[in-house]
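Engineer: Take a look at this one; I'll ask things after.
The values are calculated or read from the model by the stated rules, or taken from the named source; none is laboratory data. These figures come from a predicted structure and were not determined experimentally. Here the Cβ is made from the backbone with ideal geometry for all residues, glycine too, and neighbour counts use every protein chain on show.
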Amino acid sequence: VFGSSGDLHIVNKDIAPDGVTRSTILAGGVFPGPLISGNKGDQFHINVVDDLTDTSMGVSTSIHWHGIFQHGTNYEDGSASVTQCPIQPGDSFQYDFSVPDQAGTFWYHSHVGVQYCEGLSGPFVVYDGPNGVNDPHRALYDVDDGSPSRYHDTARQVADTLLAPLANSTLINGMGRFFENLCSQPTAPLAVITVSPGKRYRFRVISISCDPNFTFSIDGHNLTIIEADGVNTQPLTVNSILILAAQRYSVILETNQPVNNYWMRAEPDAAGPQGFEGGINSAILRYEGAPDAEPTTSMQANIIPLNEVDLHPLESPGAPGIPVPNGADVVLNFTLGFDGGLFFMNGVRFIPPSVPVLLQILSGAQRAQDLLPQGSVFDLPLGKVIEINLFGHNALGDPHPFHLHGHAFDVVKSAGSNFYNFIDPVRRDTTGVIQGRTTTIRFTTDNVGPWFLHCHIDFHLDAGLAVVLAEGVEEVSSALHPVSAWNNLCPSYMSSNIST
Ligand code: C2O
């Protein structure tokens, strides 16, 4: 267990998580990376040391703390090209931030190119007090003990090449099977999650996918959702969860079935291998006392899927602003487009600027039109209600998981719904956008600095599906007081360029 402070070495390593050896980039030399955890209110000090040598996958890096607000610490967000320059090999960057007002399930990953697809990611959990003592849902579960074997369940793809549109394998807790053809029965070991009977477990499901969305289920068991993306929800019982790249759910699983082995399934959309033959897309839920064997269970006959509109926050502040469409102080409309292998937001492809947006602001740029990349930065005044409409134009059919840094937002209109909900919409940090439909989110600008808004299919971000929202630009130099010197963010960018 890593805890909340220490050195996190970023290394190259050959591993075979699905039975086929490949080179990777790993945090702490393990996949997924070590669990970083603390309690609400803790200060985190993570010194990221770049030990990378394999130039074929890129040797500079950064770590983004996905879902952590970074109130007043925009410069610790870890987004290369937005808040800092990439960390260079042989260098290190110490991330210092506190988490005063959030508890739940987060993750960390590289924010350079498509580097997290090479393995650089891990779980990040903030407990609501020691052992979750202040968690309003604490009475609903018996076990949430941080043991990796039954704790964070992560599904990801392994792509052989970055250009491969298809994932080869699905991994759960870093294990899975590559299934080539019927003649080569796969044998790589699967993750085994061991549970004792008669208990209620909190499982934290994190999608560290680079592309596919996954339908997650466990044979014979219901899943009661109590948290989505770091925000407590009213309990909602389902047995099948569609989880998009970067989304997280805490679910309660009651071990109320006969002692046995049960399949845990994470089936990808068309971007990954289909079906469950030979144990692909699967892990094993094993009751103590069950034989050391693979399950023979089948999927539930009655599928109760999660529908995002059925999720409601536990404490329901309602969406900010006037409860009608366009009833916000600022309304931004974005159309997602796809053309010639590239992606566009309102016709503009995001091209990472050589000087990160934050550093541009500190150097004196004040207006969106002065901030690079041109046409991709939008400045937002502080203390306003923002409504963003994301319309999927010619954007391929699949749900595009849109993530906003620095905030959780209210999903007042889910992509799959025809209705607005301003009263008790789910509040989260990643939601889907579908071709031909509009997703509408709202939030209040209370967090100074530039924040990425982007598709979390990493190949799409790399191909331009992103914008930057620069919040309170004029406040940046007075409101942000970095622990480290500004020029640590970009040692190569002369501090004399910074006009603070
Ligand atoms: Cu998971 Cu830009 O982030």
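Engineer: Scan (1) within 22 Å of the chain's Cα centre (by Cα); (2) among the small types (Gly, Ala, Ser); (3) closer than 18 Å to Val448 by Cα for the single condition Ala368 breaks and write down its number.
Structural biologist: (1)
Engineer: Just give me the residues in region 55-67 being at pLDDT 95 or above and not small (Gly, Ala, Ser), in sequence order.
Structural biologist: Passing the criteria: Val59, Thr61, Ile63, His64, Trp65, His66.
Engineer: What do you reckon, is Ala415 under 18 Å from Pro353 (Cα atoms), small (Gly, Ala, Ser) and either over 21 Å from the mean Cα position of the chain (by Cα) or not assigned by TED's automatic domain parsing to the domain that holds Asp211 (or both)?
Structural biologist: no
Engineer: For region 458-467, does any single residue satisfy the condition of being more than 16 Å from the ligand (Cβ to nearest atom) and touching a residue at least 60 places away in the same chain (Cβ under 8 Å)?
Structural biologist: For region 458-467, residues more than 16 Å from the ligand (Cβ to nearest atom) and touching a residue at least 60 places away in the same chain (Cβ under 8 Å): absent.
Engineer: Of all residues in region 207-220, which are over 14 Å from the mean Cα position of the chain (by Cα), crowded, with 22+ Cβ neighbours inside 10 Å and not small (Gly, Ala, Ser)?
Structural biologist: Matches in region 207-220: Phe216, Ile218.
Engineer: Hey, any hits in region 471-489 for a residue that's within 16 Å of the ligand (Cβ to nearest atom), modelled with pLDDT of 95 or more and either closer than 15 Å to Pro399 by Cβ or touching a helix residue (DSSP H, G or I) at 6+ places or on another chain (Cβ under 7 Å) (or both)?
Structural biologist: To start, the set of residues in region 471-489 that are within 16 Å of the ligand (Cβ to nearest atom) comprises 471.
Those still in the list that are modelled with pLDDT of 95 or more too: 471.
After this cut, where a residue has to be either closer than 15 Å to Pro399 by Cβ or touching a helix residue (DSSP H, G or I) at 6+ places or on another chain (Cβ under 7 Å) (or both) as well, the list is none.
For region 471-489, residues within 16 Å of the ligand (Cβ to nearest atom), modelled with pLDDT of 95 or more and either closer than 15 Å to Pro399 by Cβ or touching a helix residue (DSSP H, G or I) at 6+ places or on another chain (Cβ under 7 Å) (or both): absent.
Engineer: Filter region 230-268 down to the residues that are crowded, with 22+ Cβ neighbours inside 10 Å and in a loop (DSSP other than H, G, I, E, B) and list them by number.
Structural biologist: Across region 230-268, the qualifying residues are Gly230, Leu244, Ala245, Ala246, Gln247.
Engineer: I need the full set of residues from region 100-132 which are more than 27 Å from Asp51 (Cβ to Cβ) and part of a loop (DSSP other than H, G, I, E, B), in order please.
Structural biologist: Hits for region 100-132 are Pro100, Asp101, Gln102, Ala103, Asp128, Gly129.
Engineer: Is it the case, given these coordinates, that Pro273 is at pLDDT 95 or above, crowded, with 20+ Cβ neighbours inside 10 Å, in a loop (DSSP other than H, G, I, E, B) and in contact with a strand residue (DSSP E or B) (Cβ under 9 Å, 6 or more places away or on another chain)?
Structural biologist: no
Engineer: Restricting attention to region 19-58, which residues are in contact with a Pro (Cβ under 8 Å, 6 or more places away or on another chain), over 16 Å from Thr105 (Cα atoms), in a loop (DSSP other than H, G, I, E, B) and not aromatic (Phe, Trp, Tyr)?
Structural biologist: Correct list: Gly19, Gly28, Asp51, Leu52, Thr53.
Engineer: Hey, can you tell me all the residues within region 324-352 that are in a loop (DSSP other than H, G, I, E, B), surrounded by 14 or more Cβ atoms within 10 Å (Cβ to Cβ) and more than 23 Å from the chain's Cα centre (by Cα)?
Structural biologist: Pro325, Gly327, Ala328, Asp329, Asn346
Engineer: In region 103-117, what residues are of a type in the set (Ser, Thr, Tyr) and either within 12 Å of the ligand (Cβ to nearest atom) or over 25 Å from Gly174 (Cβ atoms) (or both)?
Structural biologist: Within region 103-117, Tyr108, Ser110, Tyr116 qualify.
Engineer: Would you mention how many residues in region 89-136 are small (Gly, Ala, Ser) and within 28 Å of Gly464 (Cβ to Cβ)?
Structural biologist: Total satisfying the criteria: 5.
Engineer: So Ala246 fits all but one of (1) within 14 Å of the chain's Cα centre (by Cα); (2) closer than 17 Å to Gly416 by Cβ; what number is the exception?
Structural biologist: Just one mismatch for Ala246, condition (2).
Engineer: From the list Ile36, Ile68, Ile63, which one is crowded, with 22+ Cβ neighbours inside 10 Å and either over 24 Å from Leu469 (Cβ atoms) or of a type in the set (Ser, Thr, Tyr) (or both)?
Structural biologist: Ile36
Engineer: If you go through region 57-83 one residue at a time, how many are within 10 Å of the ligand (Cβ to nearest atom) and on the phi > 0 side of the Ramachandran plot?
Structural biologist: So the count comes out to 2.
Engineer: Phe69 versus (1) out of contact with any helix residue (DSSP H, G or I) (no Cβ under 8 Å at 6 or more places or on another chain); (2) among the hydrophobic types (A, V, I, L, M, F, W, C); (3) not in a loop (DSSP other than H, G, I, E, B): which is the lone unmet condition?
Structural biologist: Failed condition: (3).
Engineer: A follow-up question, please. Taking the options Pro136, Pro89, Pro100, name whichever one is away from the ligand (no atom under 16 Å from the Cβ) and touching a His at 6+ places or on another chain (Cβ under 8 Å).
Structural biologist: Values: Pro136 fails: touching a His at 6+ places or on another chain (Cβ under 8 Å); Pro89 fails: touching a His at 6+ places or on another chain (Cβ under 8 Å).
Of Pro136, Pro89, Pro100, the one residue that is away from the ligand (no atom under 16 Å from the Cβ) and touching a His at 6+ places or on another chain (Cβ under 8 Å) is Pro100.
Engineer: Residues of region 200-229 being assigned to a strand (DSSP E or B) and of a type in the set (S, T, N, Q), which ones?
Structural biologist: Ser207, Thr215, Ser217, Thr224
Engineer: Starting from residues that are over 30 Å from Gly340 (Cβ atoms) and in contact with a Phe, Trp or Tyr (Cβ under 8 Å, 6 or more places away or on another chain), keep the ones in region 389-412 and report whichever is nearest to the ligand (Cβ to nearest atom).
Structural biologist: Gly406
Engineer: If I filter region 416-457 down to residues being of a type in the set (Lys, Arg) and away from the ligand (no atom under 16 Å from the Cβ), which single residue comes out as nearest to Ile386 (Cα to Cα)?
Structural biologist: Arg442
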